[in-house]
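S.K.: The following block contains the structure, expressed as structure tokens.
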Amino acid sequence: MIRYIVRRLIAVAGILLVICGITFVIFYVLPADPATLACGRACTPERIAEIQHQLGLDRPIYQQFFDYVVGIFAGRTFGTGEAAVQCPFPCLGFSYQNNLPVWSLLMDRLPVSASIAIGAAALWLLVGLGAGVISALRKGSLWDRGAMVVALSGVSLPVYFTALVLLYVFYIRLELIPYPEFVNPFTDPAGWISAMILPWITLAFLFSAMYARLTRAGMLDTMAENYVRTARAKGLPERTVVVKHGMRAALTPVITIFGIDLGQLLGGALITETVFGMPGVGQLAYQAIGTIDQPVIMGVTLFAAFFIVFANLIVDILYAVLDPRVRYT
Amino acid sequence: MTSLLEVEDLRVRFSTEDGVVRAVDGVSFEVDRGQTLGIVGESGSGKSVTSLAIMGLLRGRFTVEGSVTLGGDELVRADPDFVRELRGNRMAMIFQDPLSSLHPYYTVGNQIIEAYRLHTGATKRVARKRAVDLLGRVGIPQPEGRIDDYPHQFSGGMRQRVMIAMALACDPELLIADEPTTALDVTVQAQILNLIADLQEEFGTAVILITHDLGVVAGVADEALVMYAGRPVEHGTLRQVFYEPRHPYTWGLLSSVTRLDREPEHRLRPISGNPPSLIDVPSGCPFHPRCPYRMLPEPCSTEVPEYAPVNGGHLVACHLSEQERTETFARDILPRVQSSVRKGG
Ligand SMILES: Nc1ncnc2c1ncn2[C@@H]1O[C@H](COP(=O)(O)OP(=O)(O)O)[C@@H](O)[C@H]1O
Ligand code: SF4
Ligand SMILES: [Mg+2]
């Protein structure tokens, strides 16, 4: 198991390096010249050459890539002499827009994305798993049919549509909720919840729907398994049969999918953050793409990739813990 | 004196989208302590549904009629919680496929202990000790070392032993084994059957052994009940059903017996055709479309044969006269069975 984890960690590093390389190449071949972008409006050819040198853009691409990777692990210095700028570990470069370190931009925005992801996840686990289990146990009932109709709309409605409808109903019509604005959850928990509730519901609607359908299907399969019949043959009360024997087996795959979804959202919920004006990682990506802010786009891409790849690793390990038949060597 | 288990005129129906399935249609039998009843029939003849109905384990949209009495307690109309309390305690069941019947995520110890603690309220330590004893008793080597293993770490035969240990955890009065050896290798089959017989002798359990294979019943049962299309067609002592069978369907089964001591190619011919759908049971005698001795159209396709005692006292449902039955058996069946026994032996 330890050997497996070590092997996987090495693979994770490799994957991230490849992603890094691919993004790097994409931006290198992009027609927009970063130096011109960084330079702004009033620009002279001398100034551009200077910036190119400062950013290391006059060096061969493999050298640039090497510098970039080294910078992530050891920090780096841009430019030389008077103009030298120190970029400490973990260095993802500076934004062309405001010259702030990409890493600190990400760190500023991580709490927002994490707030959205974790709150929404708690909500959709509760609603999705609960609705799925109850639907499966009462298959064909009015509850089941109703829940599945709602779930179908949940998976088919686009997130921006749900978000706008929620904003319209709760903010504009009912005036129940202030316009979502992120606040520190530790200093103002109530304000945090009221600000986050609409983004949470937006995401949770989609994911609850997906999870309810998955859970229902899983429970229906599991409750028809022979081992569930064995559990009943032992005389176990129905609650134990459902929870210990049914849900344990039905929810294991759902939980592993959950790990991947959560990892993905931690890397930024682009649409939700943008619609609600939440300054999260996703919104950062959106703005950076609009301004072709290459270091920021690179940084966000790597950051999101890191969460996804890592979530996959954790899920695989979790699976081996949850299902004794799975053995990694 | 009444028997431990009395099943009377049991009828089970399922309503499905395709129609009403008459899965069990008028089955009666008794089993007493220390006795083994073999229920035999091809797949789809209602054997499993009969046992699940006794255990109160039927699922889906079904109705049960008739009565099941265990040690004086009527179960069909009883409170489901009352029946649940009996399950795993006074009556237990083992199933055909031990791998899928054991929970893949829990150790075998956990699964045995769970049943024992539920009904006895024993502490974890006591229950664990009991589980080790049981695993040893059913022939699992080094039970202390295996109790924390998962089902997938055992072989098929060992898994079935685990199932048996689990079923016996609370010393049940009645054990129903539904095709306990069908999924196992031929060599292991005999071991499992012997184990069940040994344990039965030791604990005085009443056993219902369900199989599609008359040969399996021959080894261990005291009585045999042959079912076809959800109905009983022949019922008597092992001697009567196995050596003096009087129903053409039983003859067919006898000709397709698996002999554990013989290679498959020496086995006899199976009955031609397939068992009917239990939604559309053939008129008259349900076996008539496949019966080589049928009398058509009357009475076999028009009248349901009476299920009545024949000479010698066992029950048979067939229109053939006593004389026809005895003669046909002596002329057609006996020589075939005997010659093949000689050939194979
Ligand atoms: N839950 C159920 N719903 C509908 N039909 C069923 C159900 N369980 C069993 N049956 C039907 O009842 C008949 C008898 O089945 P079963 O008792 O399992 O046969 P056997 O065990 O003899 O092979 C079959 O035709 C089967 O399809
Ligand atoms: S009643 Fe007729 S069809 Fe049925 S088993 Fe007897 S002879 Fe065959
Ligand atoms: Mg069966």
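S.K.: Quick one: count up the residues across the range B:150-164 that are out of contact with any strand residue (DSSP E or B) (no Cβ under 8 Å at 6 or more places or on another chain), more than 12 Å from chain A (Cβ to nearest Cβ) and either aromatic (F, W, Y) or closer than 28 Å to B:R33 by Cβ (or both).
M.R.: So the count comes out to 3.
S.K.: From A:I193, A:I201, grab the single residue that is open to solvent by 70 Å² or more (accessible area, probe 1.4 Å) and under 24 Å from A:G267 (Cα atoms).
M.R.: Result: A:I193 is the single residue among A:I193, A:I201 that is open to solvent by 70 Å² or more (accessible area, probe 1.4 Å) and under 24 Å from A:G267 (Cα atoms).
S.K.: A:I289 versus (1) of a type outside the set (S, T, N, Q); (2) at pLDDT below 90; (3) open to solvent by less than 40 Å² (accessible area, probe 1.4 Å): which is the lone unmet condition?
M.R.: (3)
S.K.: Sticking with this one: Wholly within the range A:22-83, which helices (runs of 4 or more DSSP H) include no fewer than the required count, namely at least 3 residues that are touching a helix residue (DSSP H, G or I) at 6+ places or on another chain (Cβ under 6 Å)?
M.R.: Passing ranges, in order: A:34-39, A:45-55.
S.K.: Hey, among B:R117, B:R22, which residue is at pLDDT 95 or above, part of a strand (DSSP E or B) and open to solvent by 50 Å² or more (accessible area, probe 1.4 Å)?
M.R.: Going through B:R117, B:R22 in turn, the sole match is B:R22.
S.K.: Next up: Contact list please: Cβ distance under 8 Å, first residue in the range B:112-129 and away from chain A (no Cβ under 14 Å), second residue surrounded by 15 or more Cβ atoms within 10 Å (Cβ to Cβ) and among the hydrophobic types (A, V, I, L, M, F, W, C), pairs at least six apart or on different chains.
M.R.: B:K124/B:I113; B:R128/B:I113; B:R128/B:I147
S.K.: Can you name the helices (runs of 4 or more DSSP H) wholly within the range A:226-305 that have at least 1 residues being within 11 Å of another protein chain (Cβ to nearest Cβ)?
M.R.: A:226-233, A:248-266
S.K.: Name the residues in the range B:165-194 that are in a loop (DSSP other than H, G, I, E, B), away from every other protein chain (no Cβ under 14 Å) and among the hydroxyl-bearing types (S, T, Y), would you?
M.R.: Within the range B:165-194, just B:T181 meets the criteria.
S.K.: When you go through (1) more than 16 Å from ligand 2 (Cβ to nearest atom); (2) within 22 Å of B:F242 (Cα to Cα) one by one for B:G60, which number turns out not to apply?
M.R.: Among (1) more than 16 Å from ligand 2 (Cβ to nearest atom); (2) within 22 Å of B:F242 (Cα to Cα), the lone unmet condition for B:G60 is (2).
S.K.: Considering only the range B:68-86, I want to know if a residue exists there that is in contact with a Gly (Cβ under 9 Å, 6 or more places away or on another chain), more than 16 Å from ligand 2 (Cβ to nearest atom), part of a strand (DSSP E or B) and over 18 Å from B:H235 (Cβ atoms).
M.R.: No: zero hits.
S.K.: Can you list the helices (runs of 4 or more DSSP H) found entirely within the range A:103-180 that contain at least 1 residues being over 30 Å from A:T240 (Cβ atoms) and either of a type outside the set (D, E) or open to solvent by 80 Å² or more (accessible area, probe 1.4 Å) (or both)?
M.R.: A:142-156, A:159-166
S.K.: Okay, moving on. Keeping to the range B:57-102, report how many residues are more than 14 Å from chain A (Cβ to nearest Cβ) and not acidic (D, E).
M.R.: Residues flagged as more than 14 Å from chain A (Cβ to nearest Cβ) and not acidic (D, E) within the range B:57-102 amount to 11.
The values are calculated or read from the model by the stated rules, or taken from the named source; none is laboratory data. Remember, predicted model here, so these are calculated numbers, not experimental data. Here the Cβ is made from the backbone with ideal geometry for all residues, glycine too, and neighbour counts use every protein chain on show. These accessible areas exclude ligands, DNA and RNA; they are computed on the full protein's heavy atoms, side chains included. Shrake-Rupley method; radii C 1.70, N 1.55, O 1.52, S 1.80 Å.
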